[in-house]
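What follows is one structure encoded as structure tokens, with my remarks underneath.
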Amino acid sequence: MAASTAEKLGKYILDRELGHGSSGTVYLAHDPFAHRDVAIKVYYAETDVSPEQARLQYKLFFNEAHIAGKLLHPNILPIHDAGEEGGLCYVVMALLEHYQPLTGHCRPDTLLPLPKVIEIFFTMAKALDYAHRNGVIHRDIKPANLMINPEGHIMIVDFGNAKTAVGQTNPTVGVVGTPRYMSPEQVRGEAVTNQSDIFSMGALIYELVAGTPAFSGDTLPGLTHQILHADPQPLIERRSGIPDVLNHIVMRCLRKPLKRRYESCMDIAGDLINVSGSLKARATEINEQEHYNLVSRLDCFKDFTHADIWEIIRASNWEKYADSQTVVAEGEPDTRFFIIASGVVAVHKGNTLLGMLGAGDCFGEMSYLSRMKRTASVRAQGDVNLLCVSPTLMERASRDCQLRFYRMFANALMERLSRANEKLLMVRP
């Protein structure tokens, strides 16, 4: 479709074409309801599928766009909306200004400094790990889908092509991805996993370091043969000054057997810290942003400002518990107050189960207030992430933040007392 100022797609007013690729065309558009400019990617329509396959594709597209739209990460381009009109599927994304794709840094004469490439690698690994942990596989990692601005900030784009890692039994018709960066399992048309993204990321980083593709061929069959059967030349033979550990990390990403490839992007990020000590500060920074993204979604923080949430996070400790681990034990002195960021905990009095608490629920308010011993035990049911609020650090927060916090605190306490009263009424003769 050709865009003009008179055209609309759903509620969006199209302005002009920004670019196009193998899967669709991106337009500059305006959202008249939110009063903002956005980018809209219109996916090319499939013409050789049956009506049943088309309906399945639409269903999967909207389901996967919905899941991808829930990703909140500083290095993942947000998806605002998705729709279908006239047989065309589209996703609406935040408009990136002053960003350019990394395709401009894949030639020998335009290579980025090696420390910058290592930082990009680390940032990508952390962002993809976040997506994978939320059940989303990108499926089309390549230089054109990695954007960089003049300050060096990285943004992974085109998650509208992503696939949910669980819950799908009917794959989308056709192979999704760009041949040069596809994993062997994608080339073979097999199921993709987070390790498929890892292979594609390895191919991308190889090109950013060496200025030449990891795999190449004059024809598509020649290229796919390389991906399936040939190992790329080691990076240390392509560019001087490559640390052995970096060469090992990239080449391990490109291993063809899954059991020899990295299992997770977090493992890659951990190994990259050994390449550059300066990444340790970046690791802390990104983890804090991920904590904010998780906490800010909770209903108990709906009345808090952006600044308030940051104050509470920095006045707290982030604690993780595995299944059946005890968070607090009955009878122990403990003044901590907990907010459940994700997961479920069970509350026990002796051997009696008092109840279950989930994301957004709080516990520990009585001990926090009165410095009394714990009157019940709390144990994790599966993996649990908790925000543990320190009374001492909260006293240093701003007055407005403290007021909102204690209002939330009081609401939690009143709700707990109300539940207890209801149980008493139920057992009263």
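Quick notes
- Here the condition is being surrounded by 17 or more Cβ atoms within 10 Å (Cβ to Cβ), more than 19 Å from residue 73 (Cα to Cα) and touching a strand residue (DSSP E or B) at 6+ places or on another chain (Cβ under 8 Å); of 341, 315, it holds for 315 alone.
- Filtered residues of the range 229-242 (kept if loosely packed, with under 13 Cβ neighbours inside 10 Å, under 32 Å from the mean Cα position of the chain (by Cα) and not in a loop (DSSP other than H, G, I, E, B)): 229
- Residue within the range 274-291 that is surrounded by fewer than 18 Cβ atoms within 10 Å (Cβ to Cβ), over 24 Å from the mean Cα position of the chain (by Cα) and of a type in the set (Lys, Arg) present: no
- Selection count, the range 177-198, where residues are closer than 14 Å to residue 226 by Cα, in contact with a Lys or Arg (Cβ under 8 Å, 6 or more places away or on another chain) and of a type outside the set (D, E, K, R): 3
- In the range 318-337, the residues that are without any contact (Cβ under 8 Å) to a residue 60 or more places away in the chain form Cβ pairs under 7 Å with partners that are part of a loop (DSSP other than H, G, I, E, B) and surrounded by fewer than 14 Cβ atoms within 10 Å (Cβ to Cβ), at six or more places apart or across chains, as follows: 330/375; 335/371.
- Single residue of the range 346-386 satisfying the filter (β-branched (Val, Ile, Thr) and free of Cβ contacts under 8 Å to residues at least 40 places away in the same chain) that is surrounded by the fewest Cβ atoms within 10 Å (Cβ to Cβ): 352
- The residue that is farthest from the chain's Cα centre (by Cα), counting only those in the range 107-137 that are surrounded by fewer than 21 Cβ atoms within 10 Å (Cβ to Cβ) and more than 24 Å from residue 242 (Cα to Cα), is 135.
A quick yes/no check of all residues on (1) at pLDDT 75 or above; (2) aliphatic (A, V, I, L, M):
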site: 361; (1), (2): yes, no
site: 364; (1), (2): yes, no
site: 373; (1), (2): yes, no
site: 376; (1), (2): yes, yes
site: 388; (1), (2): yes, no
site: 393; (1), (2): no, yes
site: 400; (1), (2): yes, no
site: 404; (1), (2): yes, no
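The values are calculated or read from the model by the stated rules, or taken from the named source; none is laboratory data. Predicted model, so just to flag it, every value in this text is computed and none were measured. Glycine also receives a Cβ, built like all others from the backbone with ideal geometry; neighbour counts cover every protein chain displayed.
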